[in-house]
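Engineer: Here you go, one structure.
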Amino acid sequence: MSKIHHDKCPVCGSKNFSLFIESNDFSTSHEDYNIYKCTECSFAFTQDIPNQENIGNYYKSDNYVSHSNTKKGLMFKVYHMVRNYMLKSKQRTVENNTGIKNGKILDIGTGTGFFSNQMQKVGWDVSAIEQDKDAREFAKKEFNLNVLPPSDFYNIKDKSFDVVSMWHVLEHVHDLDGYLKTINKIISDNGYFIAAVPNYTSYDAKHYKKYWAAYDLPIHLWHFSPSSIKLLIEKHGFKLITKEGMPFDSFYVSMLSEKYKNSSLSFIRGAFFGFISWAKSLSNTDNYSSVIYIFKKDN
Ligand SMILES: [Zn+2]
């Protein structure tokens, strides 16, 4: 199987990078993967990644759709309770930071469409992109959403949207520059780009090291620090306006990381370290396990 080898930093082009994390795919293939970090801009990336054709094999696709709607086990129960809260919280993040209501939004990587549905319910004109065919069909059937496959993304008309959102999606995208270029093009003047990504400079990332669940190798191709994502997105014609933390991710990621470590009492240990991580983030958004970045179009 052909893999993609990076010989320069995908963000700043530097050839100075060093081995950062040696780990593996804990959830699906159990193959070894290494993360390298650029010494110039702190951007980190998974090395020798499966190409776009093969990456699908690394997603746990079995019952992907039905899982999201069953209440099995404590983790799933917590997840479902949190989900409703999160959907409203994401809506508030969009509306409060952009000042826009009832606008036009494109959600890239919408999955089964819960966030898109939330926005549609409160009056937004919503379009969405989703790669997984089953998830697309679920979103269309369940929520009557306009969900397109990724192949349609590059053909969207210029300045079609007030807001483009990517919730934990940018780290999965092979064509990073192509996507960001297109996103800039399809956002209207003075429009916004909102991206939530894991933060490897968080307390929980530093605590769990190679077991940190949000490295999620190899399907997370890129690993962002608050400074490297700013550099990358601003290079593509945006200006960082503000950042927000995602408090629940500290807990969820810590619990999953404990599971990867095969810890006993992984739920309780995860909750404990998740709490510490969350508490350490209160004074500084840059410490959150996941950070939401709000960019405004600047060209
Ligand atoms: Zn770099």
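Bear in mind these aren't lab numbers, they're just calculated from the coordinates by the rules spelled out. In this text, all values refer to a predicted model and were calculated from it rather than measured experimentally. No Cβ is skipped: glycine too gets one built from the backbone with ideal geometry, and neighbour counts run over all protein chains shown.
Engineer: Count the net charge of all other residues whose Cβ sits under 11 Å from the Cβ of Tyr58, scoring Lys and Arg as +1 and Asp and Glu as -1.
Structural biologist: Once positives and negatives cancel, what remains is -2.
Engineer: Also, I was wondering about something else. I need to check one value: relative contact order of the chain, counting alpha carbon pairs closer than 8 Å and at least 6 residues apart, in percent.
Structural biologist: The normalised contact order for the chain reaches 17 percent.
Engineer: Send over the Kirkwood Rh of the chain, from the inverse of the averaged 1/r over different Cα pairs, rounded to one decimal Å.
Structural biologist: It works out to 19.7 Å.
Engineer: Additional query: I'd like the distance between the alpha-carbon centres of segment 221-289 and segment 140-173, rounded to an integer number of Å.
Structural biologist: What the calculation gives is 24 Å, centre to centre.
Engineer: Counting other beta carbons within 10 Å of each Cβ, put His6, His236 in order, fewest first.
Structural biologist: Ascending Cβ contact count within 10 Å gives the list His6, His236.
Engineer: Straight-line reach from Lys121: which lysines have a Cα under 21 Å away, not including same-chain ones fewer than 8 places off?
Structural biologist: Of all the lysines, those that pass the test against Lys121 - Cα under 21 Å, at least 8 places apart if same chain - are Lys88, Lys90, Lys101, Lys104, Lys140, Lys141.
Engineer: While we're looking at this one, here's another question. Using alpha carbon centroids, what distance separates segment 1-51 and segment 120-137, in Å?
Structural biologist: 31
Engineer: Nearest 5 is fine: what % of DSSP beta bridges in the chain come out antiparallel, could you say?
Structural biologist: Percent antiparallel among DSSP bridges in the chain is about 60.
Engineer: Quick check: net charge around Trp167, other residues with Cβ under 13 Å of its Cβ, Lys/Arg +1 and Asp/Glu -1?
Structural biologist: -3
Engineer: Sticking with this one: Return the FRET efficiency for the residue pair Lys239, Lys185: r is the Cβ-Cβ distance, R0 is 22 Å, and the value is rounded to the nearest 0.05.
Structural biologist: Using R0 = 22 Å, I get an efficiency of 0.85.
Engineer: In a shell of Cβ-Cβ distance under 13 Å around Tyr211, excluding Tyr211 itself, what net charge do Lys and Arg (+1) and Asp and Glu (-1) give?
Structural biologist: For residues surrounding Tyr211, the net value is +1.
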